[in-house]
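FYI, it's all coordinate maths here, none of it is from the lab. Since we're looking at a predicted model, the values are computed, not measured. Every residue, glycine among them, receives a Cβ derived from its backbone with ideal geometry; neighbour counts consider all protein chains shown.
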Amino acid sequence: MAIMSALPDPPAGPGPNAVLPESTFTPEPASVEQIEQVRSAKQDAWRTEPLARKVAYARRQGAPVPNNAPPTVVDETLERIFKNADFLPGWWLTTGAKRADAVAKLTTAVEMGTGFLVSPWLLMTNHHVLDSVETAADTIAWFRYVEDEDGASQPTKVALQPEKCFVTSPADDLDFTLVAVAPVDDKPPSETFGYIALHGGVGKIVKGQSVNVIQHPQGRHREVTLRNNTFSGPLVDAQGVENPKYLLYDADTEPGSSGAPLLSDTWELIGLHHASEQKRNAQGQFVDLDGNLADANTPESKRIWIANSGIRISAIVKDLTSRTIDASNGTEAPDMVSHLLGLGGNL
């Protein structure tokens, strides 16, 4: 049995296990403009999406959009979908709770992050959280590290098994790591905690829609940001061309949120939290709430985060399906990754 109950309780913030510093990115002016446009017209932001993405989104919501439907028909269909967007089905809360159960706090020898099960045996997080087999071997996943209404917490401590599977992409590319998780009571960990499947298709979300984030910010107990967070669209370059790897969104995150799942309002996995952008002055320097230059010593309470960047799940699935996964990735990596992709209908 791989539950590691003899380990000490998980540290809850800076100390021997300090949280990873929040990764940063610098969006092009076109991306910043897109963020502001979505913020100023959230309800109608979806209208600027390409027709193919609108059609894919409508169909994922169960709307029967015919092939070659004119743009006006597609827009009318989406208008009907969004008309009652604040009326959520009864399964919304229970499904969200199931997704949250698959999310774990990760503690390495010196740092913390967030990760989540994506198959019966595999956990996903950022490369900058788990960058090597050696780091993963010394990392503990704390599932159900969450407080109840009385402030009590009973987390389950589970080891990682990178010798069975370890697949990663550098922080400056897709910044993800897949790693095997040890059994819980001699069974796949998903039988206890569930998992969040990877679907490589498009149309899971459109601009202006809500992004839900389940995370362990600053190494704290599980926290969630729900609905009042906005999908701003894909990252774009100076010419306004979409980047196929990254998406932008507004949501409250902090160091320690790295590796958190980004979920649509139907609880589909749309991305992997990757980085945040701080406010800058005209010279491109980070500034704090008081207008002073921000540096490594600036407290978190003084920093101003203006946007977040996530890795698109469709890009991760594309990467995994194009790779050669073999014994160099672990003794069970080929079977585990193939099973993972099959669960999301990606094969």
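Determine the gain in length on full extension of the stretch ASP150-ASP138; use 0.36 nm per residue of separation and subtract their C-alpha separation, reporting nm with one decimal.
1.1 nm
Taking only pairs that are 8 or more places apart or on different chains, how many Lys pairs in the chain have Cα atoms under 12 angstrom apart?
Eligible lysine pairs with Cα atoms under 12 Å apart amount to 6.
Whole-Hz Karplus ³J(HN,Hα) for segment 36-48, in order, using 6.51 cos²θ - 1.76 cosθ + 1.60 and θ = phi - 60°, x for Gly and Pro?
5, 5, 5, 4, 7, 9, 4, 5, 10, 4, 4, 5, 8
So what is the relative contact order of the chain, in percent, for Cα pairs below 8 Å that sit 6 or more residues apart?
About 22 percent, as a whole number.
Can you compute the label reach from HIS339? Point 7 Å from Cα along the Cβ direction, backbone N cut-off under 18 Å, restricted to segment 141-166.
159-166
Dipole magnitude of the chain about its Cα centre, charges +1 at Lys/Arg Cβ and -1 at Asp/Glu Cβ only, in debye to the nearest 20?
Here the size comes out at about 1000 debye.
Please build a GNM for the chain, connecting alpha carbons under 10 Å apart, and tell me which residue among SER190, SER258, SER328 fluctuates the most.
SER328
At ASN68 and LYS318, where each label point lies 7 Å from the Cα along Cα→Cβ, what is the point-to-point distance in nanometres?
2.8 nm
Using a Förster distance of 35 angstrom, determine the FRET efficiency expected from the C-beta separation of PHE82 and ILE306, and round it to 0.05.
According to the calculation, E is roughly 0.85.
When the chain is modelled as a GNM with alpha-carbon springs shorter than 10 Å, which of ALA294, ALA180, ALA171 fluctuates the most?
ALA294
Provide the gained length on full extension for the span GLN285 to GLU332, in nm with one decimal, where the gain is 0.36 nm per separating residue minus the Cα-Cα distance.
Net length gain for the segment: 12.3 nm.
Would you please put 299-306, 33-40, 156-163, 207-214 in order of how densely packed they are, using the mean number of other Cβ atoms within 10 angstrom per residue and starting with the highest?
In decreasing order of mean packing, 299-306, 33-40, 156-163, 207-214 become 207-214, 156-163, 33-40, 299-306.
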